[in-house]
1. Could you give the length gained by full extension between residue 201 and residue 333, i.e. 0.36 nm per residue of separation minus their alpha carbon distance, to one decimal place?
2. Towards the positive end of the charge dipole of the range 103-225, with charges on Cβ (+1 Lys, Arg; -1 Asp, Glu), say which of 219, 121, 141 has the farthest Cα.
3. Run the quick spin-label model on residue 102 and residue 150: label points 7 Å from Cα toward the beta carbon, then report their separation in nm to one decimal.
4. How many nm separate the modelled label positions at residue 223 and residue 171, each set 7 Å beyond the Cα in the direction of the Cβ?
5. Quick one: if you stick a label point 7 Å off each Cα along the C-beta vector at residue 125 and residue 190, how many nm between them?
6. Run down the aspartates and glutamates and flag those whose C-alpha is under 16 Å from the C-alpha of residue 227, throwing out any fewer than 8 positions away in its chain.
7. As I understand it, the dipole of the range 123-183 uses +1 on the Cβ of Lys and Arg and -1 on the Cβ of Asp and Glu, about the Cα centre. Which of 131, 164, 180 lies farthest toward its positive end?
8. What order do you get for 136-142, 57-63, 314-320 when each peptide is scored by the mean count of other beta carbon atoms within 10 Å, highest first?
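Just so it is clear, none of the values below were taken in a lab; they were calculated from the coordinates. Fair warning: this is a prediction, and the values are worked out from it, not measured in the lab. FYI the Cβ positions are ideal-geometry reconstructions off the backbone, even for glycines, and counts take in every protein chain you see.
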Amino acid sequence: MGLFDRLRHELIDIIEWVDDSRHTLAWRFPRYQNQIKNGAQLIVRPGQVAVFVHRGEIADAFGPGHYELTTDNLPILSTIMGWKYGFNSPFKAEVYFVSTRQITELKWGTPNPIMLRDPDFGPVRLRAFGTYSMRCSDPKALLKELIGTDQSFEADEINELMRSIIISALADLLGESKVAALDLAGNYREFSQKLRETVIERVDDEYGLDVPQLDIVNISLPEEVEKALDTRSSMGVIGDMQAYQQFQMGKAMTAAAENPAPGGGAAAGMGLGMGMAMANQMMRGQQMGGGAAVPPPPPSVLWHVALNGQTLGPFDADQLAHQIRTGQVTPATHVWTPALGTWRTASEVPQLAPYFNAGSPPPPPPPGS
């Protein structure tokens with residue numbers, strides 16, 4: 001600092017803070033060697049408190065107003081300095097201006113999920129975020145615990161501490177409330193108020209801070225749980241799943257019938273198959289609706305045939321009957337099914353005997369008879 005700056009500071013006798021920021025909690029007034037003149041003017045604007053500090057010891061504090069610094073209005077500093085009959089200019093002291101206005105639009109959130117035991121889902125992980133506002137309620141406590149000798153102290157420097165306190169208090173609150181995760185949204189206002197009260201208890205006396213407002217914006221479940229809930233909700237909206245499937249099949253049949261594109265035969269076949277499936281579902285639903293349980297169809301028997309040293313199949317009963325009628329399978333042909341347990345000739349299988357014993361039809365009658 002040059003000679004001119006020193007002289008200028010020596011001549012300045014007005015101590016004030018013109019705050020042009022919205023997130024500064026405290027600011028130290030710059031003085032050359034911290035020298036203050038006798039009778040200097042102190043201007044404290046609304047939303048500010050001026051605190052005098054001498055050799056690390058907090059002395060007098062001034063609220064909003066215009067003051068002339070004398071022994072009368074500096075009683076604590078006068079006692080510390082040993083001024084019994086006034087003081088001579090200049091004297092040394094640090095002056096901190098502390099903002100007591102609300103600092104708004106501050107945000108908090110859970111960097112990691114909070115593990116809880118939910119009555120509906122069991123162990124779950126919850127994330128939460130919200131907003132809060134903060135202001136200084138005890139400037140001396142704030143100076144002593146957080147500011148120290150900083151030239152300027154911003155809200156961002158304490159935001160991390162506040163977020164940690166809020167998240168810790170939220171975890172305790174959710175654990176004690178034992179409210180189901182699905183019911184949390186209906187209790188945001190109540191939880192926000194309780195959370196604010198808990199946070200204030202932890203920061204008012206220790207750090208000299210107040211939290212005028214604290215809101216929970218959202219508490220969310222993990223993404224996979226939310227997807228499962230969406231699926232469950234969708235099923236609840238659909239209601240009768242069988243009726244819904246019938247409706248979907250009907251729409252598909254209509255779309256297939258109105259599509260004249262190539263491959264219409266395949267589309268028609270698909271529509272026919274869907275129509276038959278829908279009819280079967282409707283019949284099944286009617287029978288079940290009448291109280292009669294429809295037994296499942298018996299399992300079809302699949303046959304394997306040994307021809308020329310190779311195993312062919314499996315064939316169902318109709319396919320095997322066709323091979324018998326065309327002479328591909330004879331009474332001496334070996335056949336096998338899991339029920340037989342071993343290969344046997346077709347003539348030894350009782351189920352196949354009717355196919356071999358069926359007589360040939362008589363010749364047709366002569367013409368004109």
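1. Result for the pair: 38.2 nm of gain on full extension.
2. Value: 121.
3. Label at residue 102, label at residue 150, 2.3 nm between them.
4. Each label point is offset 7 Å from its Cα along the Cβ direction, giving 2.4 nm.
5. Each label point is offset 7 Å from its Cα along the Cβ direction, giving 2.9 nm.
6. Partners found: 120.
7. 180
8. 136-142, 57-63, 314-320
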